[in-house]
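Nothing in this text is a laboratory measurement; each read-out follows from the coordinates by a stated rule. Note that this is a predicted model, so its numbers are computed, not measured.
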Amino acid sequence: MALIKEKKKTLIDDFKSHPKDTGSASVQVALLTERINELGEHFKQHKKDFSSRRGLLSLVGRRRRLLNYLKKKDTKTYRQLIKKLDLRK
C-alpha cells in the first residue's frame, strides 16, 4: 500500500514551503491523507481486513496530531491545508 514514487513527489512539490522541504507538517499531512484515501478504497473490496483497519486508525490519529500542531503554530497554513486537501473543519 505504499505510495508510488511519482505521486509522492508531486504531493511533496505541491505542499512544500521551501525548495528542500520534504518533512514539514503540511507535507506529512498531505502524504498521510493520500495513504488514508488509498486505504479507504482498499476497504471497499476487503471489508473484513481488520489488521489494516488498525493501521488506518493509527494513520488517522497521526494526521490529527499533526493538524492540531499546525493549528496551534500557524493557523493560516492550517486553514489553507484543510481547504486544499478538502478535509473537514
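See the values below:
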{"read-out": "Tail beyond 14 Å, pair distance distribution of the chain (Cα, percent)", "value": "67 percent"}
{"read-out": "Table column - 3J(HN,Hα) (Hz), segment 49-65, Karplus curve with 6.51, -1.76, 1.60, x for Gly and Pro", "value": "7, 6, 5, 5, 5, 5, x, 4, 5, 5, 5, 5, x, 5, 5, 4, 5"}
{"read-out": "Most mobile of Lys73, Lys47, Lys16 in a GNM of the chain (Cα contacts under 10 Å)", "value": "Lys47"}
{"read-out": "Sequence-distant lysines (8 or more away, or on other chains) whose Cα lies within less than 21 Å of Lys9", "value": "Lys20, Lys83, Lys84"}
{"read-out": "The chain, helix-only ellipticity at 222 nm - DSSP H runs n ≥ 4, -39,500 (n - 2.57), divided by all residues, nearest 500", "value": "-25000 deg cm²/dmol"}
